[in-house]
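Participant: Shown below is the structure under consideration.
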Amino acid sequence: MPKVVDHDQRREELARAVWAVVARAGVEAATVRAVAAEAGWSMGALRYYFATQDGLLRFALEVMLRRTPERLRAQLATGQPGLDRAQRIIEELLPLDQERLAEGLVWLAFLTRARVDRSFDDLREVGWRGERYVCRLAVAEIAGCPWPADLTAPLPGEVLEAESADLHTFVDGLTLQGATFPEELPPEQVRHLLRRRLEMLETAVREDGR
């Protein structure tokens, strides 16, 4: 009886192999040959799914950009709205374990690649808008207002929208330093800095509502 092949699972394996190579050596190192070796596949088996490096890289980034929303939905389905859940939401973007550290390194590497390869512009835009949306979600949690309707919808009022933009910049800084200098900014310090920033945000929102 012929063996049943789960093609979706095999593509996921390749995506993970791409992330591993990119996190270790950068986007340019993620050749078809290097990814095949990382995954323990033959070149012919890999080319059955992806004929070119660009197709392989794009797929790996698309998979990564799908994973974060899945984790966010799980967080939003638990607990009560407020500061604690806002922190858990933002933490899904930060390099706080090996999986999220690899994602952070991969995302930073692809952003660098996108500066010279315009074919990644759409994914770069989706990633940026997705992160801004997550920051708006966190601010909405703290302010007690409805979640934004979609990726581009601003929060009501200038103060909340400005706080979302400021939080986005802060999170990018934590991601960059936490991913590239983990010995200087370990996960417990990242969590501490984030908590302090969200508490400041909570104070600012409360004062604006007076």
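Participant: Going 7 Å from the Cα of residue 29 toward and past its Cβ, which residues in region 94-111 have a backbone nitrogen under 15 Å from where you end up?
Facilitator: From region 94-111, the list is 102-103, 105-110.
Participant: Hey, how many Å between the Cα centroid of region 176-198 and the Cα centroid of region 140-165?
Facilitator: A separation of 24 Å, based on Cα centres.
Participant: Starting from the exponent 0.38 and prefactor 2.2 Å, build the expected Rg for region 94-210 from its residue count and divide its actual Cα Rg by it. Could you put the intermediate results ahead of the total?
Facilitator: Details: Rg = 15.4 Å, N = 117, 2.2 N^0.38 = 13.4 Å.
This ratio for region 94-210 stands at 1.14.
Participant: If you roll a 1.4 Å probe over the heavy atoms of the protein chains, what accessible area per residue do you get for the chain, in Å²? Before the final figure, lay out the partial values.
Facilitator: Numbers: 11280 Å² over 210 residues.
Value returned for the chain: 54 Å² of accessible area per residue.
Participant: A further question follows. Can you tell me the length gained on complete extension of the stretch residue 43 to residue 177, counting 0.36 nm per residue apart and subtracting the Cα distance? List each step's numbers first, then the result.
Facilitator: Details: separation 134, 0.36 × 134 = 48.24 nm, distance 3.57 nm.
Gain on extension, residue 43 to residue 177, equals 44.7 nm.
Participant: Within the set of other residues whose C-beta is less than 13 Å from the C-beta of residue 136, count the net charge using Lys and Arg as +1 and Asp and Glu as -1.
Facilitator: Details: positive: 129, 132; negative: 131, 141, 150, 161, 163, 166.
Its environment carries a net charge of -4.
Participant: Can I ask one more? Of all the accessible heavy-atom surface of region 146-210, with the other protein chains kept in place and a 1.4 Å probe, what percent is carbon and sulfur? Numbers along the way, then the final one.
Facilitator: Working: 2210 of 3970 Å².
Reported share for carbon and sulfur atoms: 56 percent.
Participant: Restricting things to alpha carbons, tell me how big region 53-124 is in terms of Rg and Dmax, in Å.
Facilitator: 14.3, 44
Participant: What's the longest bit of the chain with no exposed GluC sites (Glu not before Pro), using DSSP loop states and at most 13 other Cβ atoms within 10 Å as the test? Please report the intermediate quantities before stating the final value.
Facilitator: On the way: sites that count: 183, 184.
Counting at most 13 other Cβ atoms within 10 Å as exposed, the longest clean stretch of the chain is 1-182.
Participant: Please give the contour-minus-distance gain from residue 66 to residue 153: 0.36 nm per residue of separation, less the Cα-Cα distance, rounded to one decimal in nm.
Facilitator: Values: separation 87, 0.36 × 87 = 31.32 nm, distance 1.99 nm.
The residue 66-residue 153 span can extend by a further 29.3 nm.
Participant: From the C-alpha coordinates alone, can you work out the Kirkwood hydrodynamic radius of region 1-156, in Å?
Facilitator: 17.1 Å
The values are calculated or read from the model by the stated rules, or taken from the named source; none is laboratory data. Remember, predicted model here, so these are calculated numbers, not experimental data. Note: ideal-geometry Cβ built from the backbone for every residue, glycine included; neighbour counts use all protein chains shown. Calculation scope for accessible area: heavy atoms of the full protein, side chains included, ligands and nucleic acids excluded. Shrake-Rupley method; radii C 1.70, N 1.55, O 1.52, S 1.80 Å.
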